[in-house]
1. Looking at the stretch B:107-116, which of the residues that are in a loop (DSSP other than H, G, I, E, B) and in contact (Cβ under 8 Å) with a residue 60 or more places away in the chain is least open to solvent (accessible area, probe 1.4 Å)?
2. Filter the stretch B:29-62 down to residues that are open to solvent by 40 Å² or more (accessible area, probe 1.4 Å), within 20 Å of residue B:114 (Cα to Cα) and free of Cβ contacts under 8 Å to residues at least 40 places away in the same chain and give me whichever is farthest from the other protein chains (Cβ to nearest Cβ).
3. Output the residues belonging to the stretch C:55-94 that are small (Gly, Ala, Ser) and closer than 23 Å to residue C:44 by Cβ.
4. Is there a residue being in contact with a Ser or Thr (Cβ under 6 Å, 6 or more places away or on another chain) and of a type outside the set (Ser, Thr, Tyr) anywhere in the stretch C:121-135?
5. Hey, among D:101, D:128, D:95, which residue is farther than 24 Å from residue C:101 by Cα, of a type in the set (A, V, I, L, M) and under 16 Å from the mean Cα position of the chain (by Cα)?
6. State whether the residues of the stretch D:59-77 include one that is of a type in the set (Phe, Trp, Tyr), in contact with a Ser or Thr (Cβ under 8 Å, 6 or more places away or on another chain) and under 18 Å from residue C:65 (Cβ atoms).
7. Given the criteria over 14 Å from the mean Cα position of the chain (by Cα), among the basic types (Lys, Arg) and within 10 Å of chain C (Cβ to nearest Cβ), does residue B:70 qualify?
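The values are calculated or read from the model by the stated rules, or taken from the named source; none is laboratory data. As the structure is a computational prediction, the values presented were derived from the model and not from experiment. A quick note on method: Cβ atoms are made from the backbone with ideal geometry, for glycine too, and the neighbour counts reach across all protein chains shown. With ligands, DNA and RNA removed, areas are computed over all heavy atoms of the protein, side chains included. Shrake-Rupley method; radii C 1.70, N 1.55, O 1.52, S 1.80 Å.
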There are 4 protein chains.
Amino acid sequence: MNPFTREIIVRFEHCDTAGIMFYPRFFALVNETVEDWFASLGFDFKTLHIDQRKGLPTVRLESEFVAPVRMGDRLKQSLGVEALGNASLELKHLAVVGDRAVARFDQTLVFTDLAGMKAEPWPTELRAAIAKFAEIA
Amino acid sequence: MNPFTREIIVRFEHCDTAGIMFYPRFFALVNETVEDWFASLGFDFKTLHIDQRKGLPTVRLESEFVAPVRMGDRLKQSLGVEALGNASLELKHLAVVGDRAVARFDQTLVFTDLAGMKAEPWPTELRAAIAKFAEIA
Amino acid sequence: MNPFTREIIVRFEHCDTAGIMFYPRFFALVNETVEDWFASLGFDFKTLHIDQRKGLPTVRLESEFVAPVRMGDRLKQSLGVEALGNASLELKHLAVVGDRAVARFDQTLVFTDLAGMKAEPWPTELRAAIAKFAEIA
Amino acid sequence: MNPFTREIIVRFEHCDTAGIMFYPRFFALVNETVEDWFASLGFDFKTLHIDQRKGLPTVRLESEFVAPVRMGDRLKQSLGVEALGNASLELKHLAVVGDRAVARFDQTLVFTDLAGMKAEPWPTELRAAIAKFAEIA
C-alpha cells in the first residue's frame, strides 16, 4: 500500500502566539487529509454529507506531537489504512517537515447514518474503493 | 483531588453540517479548559505566553469520542492531574452531557521556553500550585 | 433601547502570532453575540437551525477595527437593533476594552428558509420579540 | 492591473449546519488570499511576522455576501489594489463560484511595527513590489 499524501505550507492562521502550530488546527489538517483522500477515491464529502446524509465521526484519535511545526514550514501529510471493519476504518497519519516526523495520528472513523446517528456498514462501492487503496484482498 | 470543571453550551460554530460537534473544535475546548484551569491557579496564559515567553505544547493527546455532542447541549468539562513530572504534566479530561460521558482525553503537556523551544522544569510557584491542586504531598 | 451586552476574556486561541486578535476570530465573536442575544429572546440557534431548518445568513457586514485587542483583555460586546425589515435585520455592534472602543460592526441578516435558501418574513413571535427588544412601537 | 487570483474547493470545515459557508470562515479565506498574494510578491508572512516582527492589521473591512457558498463549490478569489498609502493599503476582493459573484470585500490594511503596534511607512522594496503589481507609476 502506498500512502495517500498531500503537502501544504503552514499558514499564519495555523499558528499561535509562539509562531508554532496550535494543536487544534493540526486536527483540522488531519480532517482535510481524510477529506482529500475520500475525494481522490471518488467520494467527495459534499455528496456524502449533504446529499446522502452520511457521516464519518471520529471515535478514537491518538496523537503524538514530536517536534514543533512553524509558520512557513512545508508540511507533508500522509495517510494509510490500518484496518477496515464492517462500519469502521482505522487510519495511520504521519506528518513530516523536511526529513523529520513532526506528528503521528491513529484515527478510528465509523461510517454513520446522520439521521439516526447510527453506525452502518460501508456501502459496497466505497468499501471496494478503500480496500483497493489499501490493497486488501 | 477534586477535578477542575467548567460548563459551556455547545454553539453553532462548534458544529458541522450534521449539527454535531466537529472534532477539531472539541480540541479547542480542551485547550480552553486548560487555559481556564491555569487562570484559576493564578497563572493566566497572557502572562505566561506573552510576558514570560513560556508555552505548554501538547506532546501526546489520546482521545475517545463515545457519543455525539449536539448544538445546544450543556457540556460539562472536567480535568484532573494524572502525573506531574519535572517539566511535564499529564492531564485526564472528561466531557459529559447530562449524565453521559461523551469524550475522554489524556493529554501530556511540557513546560517550554519559547525562545529555544526547549523543555524546562516547572517554575517553583507554578509547580506548587499544580501540586496543591493535585493534592500531591 | 438598551443594547444587549456580554463580556468575554480574549483567549489564547483568538490571538495570532503577534498576540493580538486575529480578525476572522473577531467575526466568530460577533456571531456568538447574535447567538447569545437570540437565546436571550427565547429563540436558541439549535431550535432555529436544526429543528426548524431556518437560518440567518449575513448579507452585509461593515467593520472598523480601531484599536488592537490583546490576549487577556476583557472584551465587552454590545449589540443594538438599527432596523427591522420584513425579512431583514440590521444590527450595530460595538466592542470595547476598558473605556476604549476597539471595533464596530454594522451587520445585516436575513431570515431564511434553509431548504430553498430563500428569504422569508420573520415569524410573528420572533418578530415581536425583536421589536420589543428594540422598543419599536 | 490584473488581479491576483486563486481557487479553492469549499471544504467541510468551512460550512455550518446548513451546509453553507459560515461567514467567519470566509474572512479566514480572505486572509489566506492576502497571505498568498504577499508570498507571490516575494514577501512571505513568516519572514514578515516572525523574523521582522511586522504585521498587517486590518482596520476596515466592508463585506457583501450576495449568494450562498456551498460545500464542494469551486471558489475563485481575486484581489486587486485600490489604493496604496504611506502605511496603508486598500484592497478589493471578489469571490466567484462559476460565473456568479458570491461575495465582495473592501479591506484596508496598515503596515505596523508589532513591538509598539504603531503604523509605519511601507519598506521600500515591499512598496515597490505592491506598486509594480498595481501598475502604479
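1. In the first step, residues of the stretch B:107-116 are kept if they are in a loop (DSSP other than H, G, I, E, B); the result is B:111, B:114-116.
From what's left, in contact (Cβ under 8 Å) with a residue 60 or more places away in the chain: B:114-115.
On the way: B:114: 22, B:115: 96 Å².
Only one residue tops the list, namely B:114.
2. B:52
3. Listed by number, the residues that qualify are C:55, C:78, C:80, C:85, C:87, C:88.
4. No - not one qualifying residue is present in the stretch C:121-135.
5. Values: D:101 fails: under 16 Å from the mean Cα position of the chain (by Cα); D:128 fails: under 16 Å from the mean Cα position of the chain (by Cα).
After ruling out the rest, the residue left standing is D:95.
6. no
7. yes
To keep it simple, each residue is scored yes or no on (1) within 20 Å of residue A:11 (Cβ to Cβ); (2) not in a strand (DSSP E or B).
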residue: C:2; (1), (2): no, yes
residue: C:5; (1), (2): no, no
residue: C:13; (1), (2): yes, yes
residue: C:27; (1), (2): yes, yes
residue: C:30; (1), (2): no, yes
residue: C:33; (1), (2): no, yes
residue: C:36; (1), (2): no, yes
residue: C:42; (1), (2): no, yes
